[in-house]
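Comments concern the structure below.
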Amino acid sequence: MEGMDEELQTFLQHLREFGFVFLRRRSSGRFYPTRLVLNITSGEKKMLDEEIDGNLVVETNSRVYAYSPTALQVSLLAIFCDIECRFPNMVVCSISRQSVRRAFLKGITAEQIINYLKLHAHKQMTKCTPIIPKTVSEQIQLWELERERLEYSEGVLYKDFILQQDYSLLANYAKSRGVLIYADSKSRTLVVSKKGNPVVKQFWKETQSK
């Protein structure tokens, strides 16, 4: 550390906190790179080849096999997969409706899931067209569309109308005001928006007082 200015010594302390260097004693003025930073900077070809080749095999039954996965990859797979079995050099998991819904709730899209599977596909799978079985990719997309077609609106429920005429009158009024969310003539129930409820409520009181 001899000759280092204060700014560089502060940076060295940050490297120590990250586990990149080891300081025996600050007073000794010596530091050593750790095994972690040596592995990162060594750029071993074998490690790079394994990462590029990929290690995921996806079957048409939505089962995924990860060969020699890292702890990080297992954690990533668990976001949109159900982990079924774990072996020393392999993890078996499956893609289900519930597992991808968990991912959707975290803001992950179907496209991101499919792209991840493609990016880390085993080299044998890259010889197939498409790389990911069409049944699997389409099912993930359908599950996303299934979720997106639902819309939630806060509203007020009106029910227990004695006369069909009263129900129709209020439903038509709410519709004309653009505040009707839902209506079922068989059960004589309707839902109006919370914002439009005061107007509908006032109209109902006026009709009942006549």
*Please indicate, with yes or no, whether at least one residue in the range 131-147 is of a type in the set (A, V, I, L, M, F, W, C), outside any loop (DSSP other than H, G, I, E, B) and touching a Ser or Thr at 6+ places or on another chain (Cβ under 8 Å).*
yes
*Which members of the range 151-195 meet the condition of being out of contact with any helix residue (DSSP H, G or I) (no Cβ under 7 Å at 6 or more places or on another chain) and surrounded by 14 or more Cβ atoms within 10 Å (Cβ to Cβ)?*
G155, D166, Y167, S168, A171, I181, T189, V191, S193
*Selected residue (only one of R86, R102 is modelled with pLDDT under 95 and either in a helix (DSSP H, G or I) or surrounded by 15 or more Cβ atoms within 10 Å (Cβ to Cβ) (or both))*: R102
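Quick grid of which residues meet (1) surrounded by 11 or more Cβ atoms within 10 Å (Cβ to Cβ); (2) modelled with pLDDT under 75:
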| position | (1), (2) |
| --- | --- |
| L12 | yes, no |
| F22 | yes, no |
| R26 | yes, yes |
| Y32 | no, no |
| E50 | yes, yes |
| L56 | yes, no |
| T60 | no, no |
| Q73 | yes, no |
| L76 | yes, no |
*Consider only pairs whose beta carbons are under 9 Å apart and that are at least six residues apart or on different chains; among these, list those whose first residue lies in the range 185-201 and is in contact (Cβ under 8 Å) with a residue 12 or more places away in the chain and in a loop (DSSP other than H, G, I, E, B) and whose second residue is among the basic types (K, R) and surrounded by 14 or more Cβ atoms within 10 Å (Cβ to Cβ).*
G196/R177
*Name, by its number, the condition in (1) under 12 Å from E144 (Cβ atoms); (2) loosely packed, with under 12 Cβ neighbours inside 10 Å that does not hold for I113.*
(2)
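Could you check the range 106-130 and list, in sequence order, the residues that are in a loop (DSSP other than H, G, I, E, B) and over 21 Å from the mean Cα position of the chain (by Cα)?
Here is the first cut: in the range 106-130, the ones in a loop (DSSP other than H, G, I, E, B) are 106-109, 120, 122-124, 128-130.
Of everything in the range 106-130, those that are in a loop (DSSP other than H, G, I, E, B) and over 21 Å from the mean Cα position of the chain (by Cα) turn out to be H122, K123, Q124, C128, T129, P130.
Residue check: is V92 outside any helix (DSSP H, G or I), in contact with a Cys (Cβ under 7 Å, 6 or more places away or on another chain) and surrounded by 11 or more Cβ atoms within 10 Å (Cβ to Cβ)?
Working: outside any helix (DSSP H, G or I): yes; in contact with a Cys (Cβ under 7 Å, 6 or more places away or on another chain): yes; surrounded by 11 or more Cβ atoms within 10 Å (Cβ to Cβ): yes.
So V92 fits the description; yes.
The values are calculated or read from the model by the stated rules, or taken from the named source; none is laboratory data. Given the structure is predicted, the values throughout are model-derived calculations rather than measurements. Neighbour counts are summed over all protein chains in view; Cβ atoms, including those assigned to glycine, are modelled from backbone coordinates with ideal geometry.
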